[in-house]
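Inspection log for the structure reproduced underneath, given as structure tokens.
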Amino acid sequence: MTPPFSSFVLILDRDNTINADPGYLNDPEKVVLLPHAAEGIALLNRFGIRVYVASNQSGIARGIITPAQLAAVNQRIVELLSEGGARIEKFFICPHQDSDNCSCRKPRPGLIQQIIAEYQLNPAQVFIAGDRARDLLCAEPFGIRGILIGDEEKTVPTNCVFRAQNLVEMAAFILQTIFDEQSSKKIFMRLEDFLPQLEEVRHSKKRVVFTNGCFDILHSGHVQLLAQARALGDYLVLGLNSDRSVRALKGPSRPINSAIDRARLLAQLPYVDAIVIFDTDTPLELIAAMKPDVHVKGGDYVREKLPEFPLLHSMGKEVVILPFRQGYSTTTILERSDQSKRQINRGEK
């Protein structure tokens with residue numbers, strides 16, 4: 001599953017976010033990038049994320065900076081960023097001071113409105129970052145998520161979702177957020193949240209396959225099972241045991257990985273179409289509600305002795321037992337790990 005990074009946008013403040021701020025910067029020779037600024041922007045650029053700048057420059061209205069000087073400073077910033085592999089798409093500038101009572105001076109929303117309108121942006125796919133609260137507040141009316149850079153600002157706007165020390169930390173947070181959001185499209189924390197989507201799948205006449213398990217430490221045995229389960233139909237639903245459910249089945253030391261972490265890994269598999277986390281010890285509730293066309297179980301079970309078999313049989317559904325990949329299980333992996341630790345503690349190689 002490849003996230004559509006190119007649909008995401010970052011709007012950055014300029015002074016004290018990208019470059020050092022000496023106050024009314026009007027000389028391109030005095031432009032100095034902040035540490036990690038080019039690195040952070042370049043990281044996002046590599047994924048096709050566009051970066052724009054929205055900056056208050058009241059020095060123009062005050063007569064301290066000329067438009068030509070502003071253009072030269074911005075061009076110098078572009079040149080220095082380019083040396084680090086980073087790119088800014090466009091600068092959006094407010095040249096006014098507070099007494100001008102304009103709509104574009106941050107924290108007013110005019111600059112952000114202009115960017116959104118010019119590029120037809122979806123605010124849900126936009127991040128904004130700067131070192132001052134006003135750099136985020138200007139985007140608050142649009143529901144845009146903000147990131148404060150540095151720790152000098154004491155006022156934290158309600159749309160601030162993260163504080164980063166520099167633009168590399170900011171970029172890492174943005175990439176992680178996109179990954180989590182794309183993964184979550186396959187993940188359902190409650191059965192009732194999934195049923196409307198299942199109804200759409202049913203309407204399209206797809207053959208629904210269901211399997212379930214803990215999938216605590218993902219290994220090639222799991223991957224084989226899921227790939228082959230998906231091959232039995234058109235849409236694979238995976239019922240994933242909750243943390244409480246895993247403890248009840250496997251003991252107090254399990255799970256090794258939380259349900260959400262297990263779900264995020266499984267969501268990356270192209271043949272897993274949906275993951276529903278359930279808190280009961282058996283998947284009977286899920287099966288009764290979903291009525292899958294095929295139920296897949298991995299192992300050496302006897303089909304008729306499965307706890308879910310009577311229910312599936314009464315609904316006229318198919319049950320398929322797929323053999324486990326020999327030598328692969330979470331238990332054996334943990335046992336090998338414990339054995340290795342003991343050998344290390346004894347000084348063995």
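The values are calculated or read from the model by the stated rules, or taken from the named source; none is laboratory data. Note that the structure is predicted; figures quoted are calculated from it, not measured. Methodologically, a virtual Cβ is constructed for each residue, glycine included, from the backbone with ideal geometry; neighbour enumeration extends over all protein chains shown. SASA here: full protein model, heavy atoms, side chains in, ligands and nucleic acids out. Shrake-Rupley method; radii C 1.70, N 1.55, O 1.52, S 1.80 Å.
What the table shows:
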| quantity | calculated |
| --- | --- |
| Of 154/185; 297/317; 250/305, pairs whose Cα-Cα distance is over 23 Å | 154/185 |
| Partnerless cysteines, meaning none of the other Cys C-beta atoms lie under 4.7 Å away, in the chain | 102, 138, 160, 214 |
| Pairwise label distance in nanometres, residue 205 with residue 321, each label 7 Å out on the Cα-Cβ vector | 3.4 nm |
| Given charges at beta-carbon only (K, R positive; D, E negative), |dipole| of the range 262-317 in Debye | 120 debye |
| Paramagnetic reach from residue 169 (point 7 Å along Cα→Cβ, amide N under 14 Å) across the range 90-133 | 130-132 |
| Difference of contour (0.36 nm per residue) and Cα-Cα distance, residue 234 to residue 98 | 42.9 nm |
| Per-residue [θ]222 nm for the chain (sum of -39500 (n - 2.57) over DSSP H runs n ≥ 4, rounded to 500) | -11000 deg cm²/dmol |
| Estimated D of the range 262-328 in µm² per second, where Rh is the Kirkwood radius over Cα pairs and Stokes-Einstein applies at 25 °C, 0.890 mPa s | 182 µm²/s |
| Sites residue 66 and residue 117 - FRET efficiency at Förster radius 25 Å, r taken between beta-carbons, to 0.05 | 0.35 |
| Label point at residue 303 placed 7 Å out along Cα→Cβ; residues across the range 222-238 whose backbone nitrogen lies under 20 Å | 225-237 |
| Part-to-part distance (alpha-carbon centres) for the range 45-121 and the range 248-287, which is given in Å | 46 Å |
| Folded to 0 to 90 degrees: helix 37-46 orientation relative to the chain principal axis, Cα | 50 degrees |
| Option label - volume of the Cα convex hull per residue in Å³ computed here, alternatives (1) 194; (2) 202; (3) 143 | (1) |
| Near-label residues of the range 271-304 by backbone N, under 16 Å of a point 7 Å along Cα→Cβ of residue 195 | 276-279, 284-292 |
| Heavy-atom accessible surface of the range 87-184: percent carbon and sulfur, 1.4 Å | 49 percent |
